[in-house]
Amino acid sequence: MKALILDGYVDEPSCLGVPPYVSPYPRFIYGMLRSAKIDAFYTTIDAFREDRVLKEKIRDFDFLFIIAGIAVPGNYIGGKPLGKKELFSLNLARRNVLVGPIYLELEKKDITALEDSGIEVIGFPFEMALCEALHLPFDFEKYLLAGAEVVSQHPWFPNLICEIETYRGCYWAKCSFCIERFQSPFFRDPENVVREIKALYDVGVRHFRIGKQTDFFSYLADFSFDVPKPNPEKIKNFHRAIWASCPKIKTLHLDNVNPKTIAEHRDEAKEVIKTIVIYQTPGNVAAFGLESADERVIRKNTLCATAEEVMIAIELINRYGKAVGYNGLPYFLPGINFVIGLKGETKETFEANFDFLQEVMNRNLLLRRINIRQVKIFRGTPMEKEGYTRLMKHKRYFYAFKNRVREEIDNKMLRKILPKGRRITDLHVEIEGKISFARQIATYPILVGLIGNYKRGSFVDARVVDHGFRSVTAVEVPLRVNTATLEQLEALAGKKAVEILKRRPFKTMEEIKQIFADAEIFFTLHNSRE
Ligand code: SF4
């Protein structure tokens, strides 16, 4: 028997699976199949679209497992998620199963149509239900371990970042729009999490994000409090165990922090922040859900944290995390999310949101990322009744707010976080061109436009030369002076570029120094990147 796992990618409030990310879902399914002695093959939807042979051969498979669902849509550079229309156009295997958060956005008529076309739709979360549907025993930890090797079949391997799950559910679970209410809480033993990281590490993965939980500070916390009290000692031991098993990790980041946990338990949170700064890698971001700074919206949507609590959390993370690390990024900074279109939103809500950001600027605090998204409504959430009416009505406020934030906040913030001249390392080229686009393999990586044509998949170190709203332009350093383009030379040496160009080729650094005093910092005489 053989099965194909088609990864159409997921993006949930607490899980990302768009390349370079790999979610735990294909790993679980692969492990489940291998444990049942079924041959399993994995592909991403992007690779599948290009593979005419596989598209036809799909009919020869006994099983097709499709993973899909973009619950919190973003702009993706690394891949194009599987769409609903595309789903209906797939050739099918003998048995076909659809899993993932897509279940929550499908209407009943879509589910019926899919089932009529031969695709079984499994509810969300799917793991236990999938095992039941296939009459296989459910063993979450065993399957995740057995499934680690599937990442070697990913087209981006080894330049991947594996999303790691620590627990499910949310201690609040009341925000009107959020799908976390559908997750039954369960917590993974830290030893199992470390074992899973080690299994992926042994396959060759070096980048990890402990991102699949709603609040990293609540992991291993004391849940006898209304707001769980973080346990700094356990969190430190957890990190030590990761490094003891996997000493050559290149990226260890996290995602999702509930600012209320930090504001409520500041002493414990402070210690956890220090552990994150010491034991995780620079460029780390704690994504906070502020959602709205308007008290009325907070009340009407039973949002978790108040604007004051979020400000406290932003301050505390800045205090310990804003120093710059070896890869050019601050060690650990907060990011915040806004959701537009919630109940009770008015024109004044946008003012309150902007004032909050202005206050962050006035206090000279850093935010690594400001995410402004329009609400997406799911069946079974309180927002279902509200619908998209307010969002539609407020479209122009939404765009005006977004533009204002990009122009008046984002750009200024980016200039503080990555000033001109800052060296950023290990940029992974994802798009080739006259200007190539690269990012670090990291949580919420900043997009870098690299002047020059670089091969997709290569790694480059560069210095920042200019800023966009949310991206920077950079030039490779050290730059090969004898082969660099005029654009690259200009970006690094300004007006001296033409003279450098005319006097090429250079044989010694001294010759360049006669034109450009800082030559040693920016240039190399070597003609290859080796
Ligand atoms: S705090 Fe609210 S938005 Fe965040 S995970 Fe919980 S329910 Fe969802």
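The values are calculated or read from the model by the stated rules, or taken from the named source; none is laboratory data. Nothing here was measured: the structure is a model prediction, and the numbers come from that model. A quick note on method: Cβ atoms are made from the backbone with ideal geometry, for glycine too, and the neighbour counts reach across all protein chains shown. Ligands, DNA and RNA are stripped out before the accessible areas are found, and what is left, the full protein with its side chains, is counted by its heavy atoms. Shrake-Rupley method; radii C 1.70, N 1.55, O 1.52, S 1.80 Å.
So here's what we get for this one:
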read-out	value
Unique match (being in contact with a strand residue (DSSP E or B) (Cβ under 8 Å, 6 or more places away or on another chain), surrounded by 17 or more Cβ atoms within 10 Å (Cβ to Cβ) and more than 23 Å from ASN256 (Cα to Cα)) among ILE424, ILE446	ILE424
Identity of the residue in the stretch 104-155, among the hydroxyl-bearing types (Ser, Thr, Tyr) and open to solvent by 20 Å² or more (accessible area, probe 1.4 Å), that ends up nearest to SER184 (Cα to Cα)	THR112
Single unsatisfied condition, PHE138 versus (1) assigned to a loop (DSSP other than H, G, I, E, B); (2) touching a residue at least 60 places away in the same chain (Cβ under 8 Å)	(2)
Residues (of a type in the set (A, V, I, L, M, F, W, C), buried (at least 24 other Cβ atoms within 10 Å of the Cβ) and under 17 Å from ILE336 (Cβ atoms)) located in the stretch 271-302	ILE273, VAL285, ALA286, PHE288, LEU290, ALA293
Count of residues meeting criterion [in a loop (DSSP other than H, G, I, E, B), more than 29 Å from GLU511 (Cα to Cα) and of a type in the set (Ser, Thr, Tyr)] in the stretch 452-487	1
Any chance PHE187 is assigned by TED's automatic domain parsing to the domain that holds THR44 and touching a residue at least 24 places away in the same chain (Cβ under 8 Å)	no
Residue match in the stretch 442-450 (condition: of a type outside the set (Asp, Glu), at positive phi and assigned to a strand (DSSP E or B))	no
Residue count for the stretch 172-208, restricted to those that are hydroxyl-bearing (Ser, Thr, Tyr), within 16 Å of the ligand (Cβ to nearest atom) and crowded, with 18+ Cβ neighbours inside 10 Å	1
Test for ALA173: is it over 30 Å from ALA3 (Cα atoms) and either assigned to a loop (DSSP other than H, G, I, E, B) or not hydrophobic (A, V, I, L, M, F, W, C) (or both)	yes
Residue within the stretch 223-230 that is more than 16 Å from the ligand (Cβ to nearest atom), part of a loop (DSSP other than H, G, I, E, B), farther than 11 Å from VAL272 by Cβ and not aromatic (Phe, Trp, Tyr) present	yes
Condition met for PRO101 (within 16 Å of the ligand (Cβ to nearest atom), in contact (Cβ under 8 Å) with a residue 12 or more places away in the chain and open to solvent by less than 10 Å² (accessible area, probe 1.4 Å))	yes
For ILE119: the one exception among (1) under 19 Å from LYS2 (Cα atoms); (2) β-branched (Val, Ile, Thr); (3) within 28 Å of the chain's Cα centre (by Cα)	(3)
Single residue of HIS265, HIS239, HIS253 found to be within 16 Å of the ligand (Cβ to nearest atom) and either of a type outside the set (A, V, I, L, M, F, W, C) or under 22 Å from PRO445 (Cα atoms) (or both)	HIS265
Those residues of the stretch 1-40 which are within 16 Å of the ligand (Cβ to nearest atom), part of a loop (DSSP other than H, G, I, E, B) and surrounded by fewer than 24 Cβ atoms within 10 Å (Cβ to Cβ), in sequence order	PRO13
Filter result (under 25 Å from the mean Cα position of the chain (by Cα) and either modelled with pLDDT under 95 or not acidic (Asp, Glu) (or both)) within the stretch 261-276	THR261, ILE262, ALA263, ALA269, LYS270, VAL272, ILE273, LYS274, THR275, ILE276
Looking only at the stretch 156-170, and only at residues there that are outside any strand (DSSP E or B) and open to solvent by 10 Å² or more (accessible area, probe 1.4 Å), the one that is nearest to the ligand (Cβ to nearest atom)	CYS170
Members of the stretch 455-470 found to be more than 21 Å from ASN159 (Cα to Cα) and open to solvent by less than 40 Å² (accessible area, probe 1.4 Å), listed by number	VAL464, VAL465, HIS467, GLY468
Some residue of the stretch 373-394 being surrounded by 15 or more Cβ atoms within 10 Å (Cβ to Cβ) and assigned to a strand (DSSP E or B)	yes
Failed item, numbered, when ALA263 is tested on (1) more than 21 Å from PHE350 (Cα to Cα); (2) open to solvent by 20 Å² or more (accessible area, probe 1.4 Å); (3) small (Gly, Ala, Ser)	(2)
Subset of the stretch 220-242 [out of contact with any helix residue (DSSP H, G or I) (no Cβ under 7 Å at 6 or more places or on another chain) and either open to solvent by less than 10 Å² (accessible area, probe 1.4 Å) or aromatic (Phe, Trp, Tyr) (or both)]	PHE223, PHE225
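Residue by residue, here is whether (1) touching a Lys or Arg at 6+ places or on another chain (Cβ under 8 Å); (2) away from the ligand (no atom under 16 Å from the Cβ); (3) under 22 Å from ARG209 (Cβ atoms); (4) of a type in the set (Phe, Trp, Tyr) holds:
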{"residue": "PRO259", "(1), (2), (3), (4)": "no, no, yes, no"}
{"residue": "PHE288", "(1), (2), (3), (4)": "no, no, yes, yes"}
{"residue": "ARG299", "(1), (2), (3), (4)": "no, no, no, no"}
{"residue": "ASN337", "(1), (2), (3), (4)": "yes, no, yes, no"}
{"residue": "GLU348", "(1), (2), (3), (4)": "no, yes, no, no"}
